Amino acid sequence: MESIEYMSVDKDILDFLKVIYFGAITDPIVATSDRAYRDLNRTIRFENMPPKKRDCLRNMVTMLFKEEIPAIVDNGINDQNIYDLWHYRICKSIRTYYRDAGVEFYYGQAQKWLNMTMKYLYVIGEYNFNGIFKYLHIPIDNYVFSAAHKELGISRPKVSWSRWDDYNGQYMAYQSALRSKIQDYYPLRWEFKFWMKEARHLEQCTPSIREI
């Protein structure tokens, strides 16, 4: 695996950037979950659901993360399948919360919420995910579709990521395709590098690329 390049950064500058992006990080899981929610909430069709009910659902997911993420970090795992099963269980719970409340919610949305929360927790330095970083999933979105097509030759799916509702047949099949093609990086490390590259390019060419 490629070595990680480290550099010194002014702590005040880093803290400023964290606050600008995540807000006051009094609770890291709350802050990262809320930020991850903002990455997908445009894809949720709430119809006429009152804001308080929407907030309640979002808080239920955050509480799930507060219970489950520290547990998997503390317990540690040494097998990809164990992490994948954990991931499916969490995504299924998120989907169920919303579906039971009458909202059409998909596994594609759940994966984005969970995967981005994990990524953000790593970004802010709350967890280094030692021992399990190599198992973390790539958050699937349109930038990843484009990067995977260009860099790995993986065909872009016809169904929008936010409307994937076959966890194994769509989501895990795509994650498996990524894993089979990515070399020299752990999957999330690959995403760090090529998501940013693709985002810069696509924002210049097609600003609406992130639309569902």
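The values are calculated or read from the model by the stated rules, or taken from the named source; none is laboratory data. Since this is a predicted model, take the numbers as computed values, not measurements. Methodologically, a virtual Cβ is constructed for each residue, glycine included, from the backbone with ideal geometry; neighbour enumeration extends over all protein chains shown. To get the accessible areas, we keep the full protein, side chains included, count just its heavy atoms, and leave off ligands, DNA and RNA. Shrake-Rupley method; radii C 1.70, N 1.55, O 1.52, S 1.80 Å.
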Percent relative contact order of the chain, based on C-alpha pairs within less than 8 angstrom and at least six residues apart? 23
Which of 59, 78, 115 fluctuates most in a GNM of the chain (C-alpha springs under 10 Å)? That residue is 78
Just the accessible area for residue 149, please: 1.4 Å probe, Å², rounded to the nearest 10? 110
Reported to the nearest 10 Å², residue 192 has, with a 1.4 Å probe, an accessible area equal to 40
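Quick check: from the Cα gyration tensor, does segment 1-92 come out rounded (a/c under 1.5), prolate or oblate? Intermediate results must be reported in sequence, preceding the final value.
Values: a/c = 2.12, a/b = 1.17, b/c = 1.81.
Here segment 1-92 falls in the oblate category.
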By the DSSP-based rule, helices of the chain that are at least 18 Å long along the axis (C-alpha) and have a mean Kyte score of at least -0.5 are 28-40, 51-75, 107-123
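Classify the chain from the C-alpha gyration tensor, please: rounded if a/c falls under 1.5, else prolate or oblate depending on whether a/b exceeds b/c. Walk me through the intermediate numbers first.
Details: a/c = 1.26, a/b = 1.10, b/c = 1.14.
Rounded, because the longest to shortest axis ratio a/c is under 1.5.
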Just reorder 201, 137 by solvent-accessible area, largest first, 1.4 Å probe, all chains present. 201, 137
Magnitude of the charge dipole, segment 100-181, Cβ model with Lys/Arg +1 and Asp/Glu -1, debye to 20: 400
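Cα gyration tensor of segment 52-126, axes a ≥ b ≥ c as square roots of the eigenvalues: rounded (a/c below 1.5), prolate (a/b > b/c) or oblate? Provide the component values of the computation, followed by the final result.
Working: a/c = 2.08, a/b = 1.55, b/c = 1.35.
Since a/c reaches 1.5 and a/b is larger than b/c, the shape of segment 52-126 is classed as prolate.
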Name the lysines eligible as straight-distance cross-link partners of residue 11: C-alpha to C-alpha under 17 Å, and not fewer than 8 places from it in the same chain. none
Computed helical MRE - 222 nm, the chain, DSSP H runs ≥ 4 contributing -39500 (n - 2.57), nearest 500: -20000 deg cm²/dmol
Determine the share of the chain's accessible area contributed by carbon and sulfur atoms, expressed in whole percent, with a 1.4 angstrom probe. 51
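Between the DSSP loop rule and a limit of at most 15 other Cβ atoms within 10 Å, which trypsin sites (Lys or Arg not before Pro) in segment 1-79 are left? Walk me through the intermediate numbers first.
On the way: sites: 11, 18, 35, 38, 42, 45, 52, 53, 54, 58, 66; in loops: 45.
Loop-located and lightly packed - 45.
Please report the relative contact order for segment 100-212, taking Cα pairs under 8 Å with a sequence separation of at least 6, and give it as a percent rounded to a whole number. Walk me through the numbers before you get to the answer.
Details: 100 pairs, mean separation 39.3, N = 113.
About 35 percent, as a whole number.
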Give the residue from 98, 73, 22 lying farthest towards the positive end of the charge dipole for segment 1-109; charges sit on Cβ (+1 for Lys and Arg, -1 for Asp and Glu) and the dipole is referred to the Cα centre. 98
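So for 174, 88, 122, what's the accessible-area order with a 1.4 Å probe, most first? Write out the running numbers ahead of the final one.
On the way: 174 15, 88 75, 122 55 Å².
Output order, biggest surface exposure first: 88, 122, 174.
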Heavy atoms of residue 26 accessible to a 1.4 Å probe, total area in Å² rounded to 10: 130
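Segment 142-196: D in µm²/s via Stokes-Einstein (Kirkwood Rh, Cα pairs, 10 °C, 1.306 mPa s)?
It comes out at roughly 138 µm²/s.
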